[in-house]
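Notes follow once the structure below has been shown.
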Amino acid sequence: EKDGYEYFMLKEIEEQPRAVADTLRGRFTVGGEITLDEVRMSDQDFRDVDKVFIVACGTSYHAGMVAKYAIEHWVRLPCEVELASEFRYRDPVLDRSTLVIVISQSGETMDTLMALRHAKNQKARILAITNTVGSTIPRESDAVLYTRAGIEVAVASTKAFLTQLVACYLVGLHLASVRGIKYADEVAAVLTELATVPDMIQKVLGEMEPVRLLARHMENADRALFIGRHVGFPIALEGALKLKELAYMHAEGFAAGELKHGPISLIDDGTPVVVVVPSPRGRSLLHDKVVSNIQEVKARGATVIAIAEEGDVVVPPHVDHTVFLPRVSTLLAPLLTAVPMQVFACELAAAKGHDIDQPRNLAKSVTVE
Ligand code: F6R
């Protein structure tokens with residue numbers, strides 16, 4: 001039931017602090033050993049992994065893109081991410097020491113299931129991250145970690161996405177600790193920070209009115225661009241996907257560094273550009289690069305909306321609007337930066353009078369090719 005919300009999507013956006021907390025609850029020891037729900041793999045199997053592949057579709061694929069940054073940083077294993085619909089029709093190089101992580105909210109997406117079988121035929125180990133207990137994908141996998149988002153009714157994925165991110169982080173930390181790559185105290189520090197994220201998401205949700213206002217002002221825009229670097233890049237893609245599916249608006253996400261290789265031609269007077277700005281602390285090089293990208297698009301007339309960390313004093317003078325989010329470490333930032341993207345798309349679609357929960361031409365579970 002909608003519990004008084006006008007759309008399921010709004011309700012599901014608001015449920016995210018709870019969904020993230022549930023997905024974390026009781027799942028790990030201080031040492032970073034995570035408790036998988038179904039494991040037909042030993043610790044030794046996890047130690048033998050020499051390569052990780054992540055396959056998924058749509059929003060779940062964006063979660064996989066974020067996971068690549070975390071896994072390569074924490075685990076120091078090569079990690080590739082691929083769309084299931086591409087992976088299943090080519091000859092990826094896999095063997096029994098490859099871990100294939102399959103991400104699917106429904107657990108029934110046809111392309112993802114076929115990618116799983118394709119990997120299994122080559123003896124790869126399969127770990128599923130899914131929201132649906134008893135669905136086909138976890139049944140056919142060697143290990144399963146369930147997201148605990150609860151049933152997601154709206155076609156556009158929101159709370160499932162954030163819980164997929166959490167599950168990916170847990171898998172990354174687990175691999176790092178089982179393989180002895182990270183020290184227990186480093187893993188514990190990330191887990192401690194993760195535990196504070198539900199409250200941060202709650203805070204973000206309480207400060208979304210300016211984002212709704214911006215969305216309503218953009219009702220007549222015919223397109224929007226989203227840019228980001230590092231883990232901000234998949235969130236730019238996710239922001240654009242949400243706008244396409246809900247607002248039926250042409251929206252594109254780019255790696256900010258690619259602008260000058262083509263997309264910058266799209267910018268003229270008033271083109272809306274949403275920028276995911278990395279933290280100015282720590283990786284300041286990344287922050288500097290994004291600020292130069294902002295200046296590049298601004299010089300060509302773009303209207304820039306920045307999603308930045310509170311306390312960032314460099315960005316606001318260069319942009320038209322800044323949405324501030326709480327401080328969190330770089331790899332975990334997508335758990336916060338995704339939220340204004342969801343609210344923005346939902347509000348813009350509502351302003352246009354679209355069916356929020358059932359966008360045209362889309363189905364919740366894509367069981368055909
Ligand atoms: C976008 C969306 C879709 C799904 C995709 C994969 O909001 O919901 O892009 O993410 O169809 O679905 P699952 O995760 O069920 O395999």
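The values are calculated or read from the model by the stated rules, or taken from the named source; none is laboratory data. None of the values given here were measured: they were computed from a predicted structure. Every residue, glycine as well, gets a Cβ built from its backbone with ideal geometry; the counts of neighbours run over all protein chains shown. Side chains are part of the model used for accessible areas, which takes the heavy atoms of the whole protein and leaves out ligands, DNA and RNA. Shrake-Rupley method; radii C 1.70, N 1.55, O 1.52, S 1.80 Å.
Rounding to the nearest 10 and keeping the result within 0 to 90°, find how far the Cα-based axis of helix 184-206 lies from the longest principal axis of the chain.
Taking the Cα atoms of the chain, the angle to 184-206 is about 40 degrees.
Rounded to a whole number, what % of the accessible area of the chain do carbon and sulfur atoms account for, probe 1.4 Å? Don't skip to the end; give the middle numbers.
Details: 7520 of 14560 Å².
Of all accessible area on the chain, carbon and sulfur atoms account for 52 percent.
So who's got an amide H within less than 5 Å of the one on Cys79, skipping anything under 5 residues away but keeping other chains? H placed 1.01 Å off N, in plane.
Those lying under 5 Å, H to H, from Cys79 are Val52.
Can you tell me the length gained on complete extension of the stretch Ser329 to Ile151, counting 0.36 nm per residue apart and subtracting the Cα distance?
Gain on stretching Ser329 to Ile151: 61.2 nm.
How large is Rg/Rh for region 78-234, to two decimals, with Cα atoms and a Kirkwood Rh? Could you put the intermediate results ahead of the total?
On the way: Rg = 18.4 Å, Rh = 18.1 Å.
Here Rg/Rh amounts to 1.01.
First measure r as the distance between the Cβ atoms of Lys123 and Asp269, then evaluate 1/(1 + (r/R0)^6) with R0 = 45 Å and state the FRET efficiency to the nearest 0.05.
Working: r = 56 Å, r/R0 = 1.24.
Calculated value: 0.20.
Starting from the Kirkwood radius over alpha-carbon pairs of the chain, derive D by Stokes-Einstein at 37 °C in a medium of 0.692 mPa s and give it in µm² s⁻¹.
On the way: Rh = 20.7 Å.
The Stokes-Einstein estimate is 158 µm²/s.
Determine the per residue accessible area of region 220-286 with all protein chains present and a 1.4 angstrom probe, expressed in square angstrom.
Values: 2550 Å² over 67 residues.
Per residue, region 220-286 has 38 Å² of solvent-accessible surface.
For helix 110-121, report the angle its Cα long axis makes with the longest principal axis of the Cα atoms of the chain; keep it between 0 and 90° and round to the nearest 10°.
With rounding to tens, the tilt is 40 degrees.
For region 184-272, what Kirkwood radius comes out of the mean inverse Cα-Cα distance, in Å?
Details: mean 1/r = 0.0650 Å⁻¹.
Over region 184-272, the inverse of the mean reciprocal pair distance is 15.4 Å.
Restricting the count to DSSP beta bridges whose residues both fall in the chain, what percent are antiparallel, rounded to a multiple of 5? Let's see the in-between values first.
Working: 3 of 43 bridges.
So the antiparallel bridges amount to about 5 percent of the total.
Project the alpha carbons of region 1-73 onto their principal axes and report the range along each, largest first, in whole Å.
Cα extents, longest axis first: 50, 28, 24 Å.
Pop out the ³J(HN,Hα) list for region 86-97 in order, Karplus 6.51 cos²θ - 1.76 cosθ + 1.60 with θ = phi - 60°, rounded to Hz; leave Gly and Pro as x.
8, 3, 5, 10, 10, 10, x, 8, 9, 8, 5, 9
Hey, what angle do you get for helix 232-247 against the long axis of the chain, alpha-carbon based, 0 to 90 degrees rounded to 10?
Orientation of helix 232-247: about 70 degrees from the principal axis.
When a/c reaches 1.5 or more, the comparison of a/b and b/c decides; with that in mind, is region 249-358 rounded, prolate or oblate per its Cα gyration tensor?
Details: a/c = 1.85, a/b = 1.17, b/c = 1.57.
Note, shape of region 249-358 comes out oblate.
Suppose a student asked you for the relative contact order of the chain, using Cα pairs under 8 Å spaced at least 6 residues apart; what percent would you report?
Numbers: 726 pairs, mean separation 71.7, N = 369.
Worked out over the chain, it gives 19 percent.
Per residue of region 288-300, what does 6.51 cos²θ - 1.76 cosθ + 1.60 with θ = phi - 60° give for ³J(HN,Hα)? Whole Hz please, x for Gly and Pro, Karplus curve as stated.
Along region 288-300, the couplings run 4, 5, 5, 4, 5, 4, 4, 4, 4, 6, 4, 4, 9 Hz.
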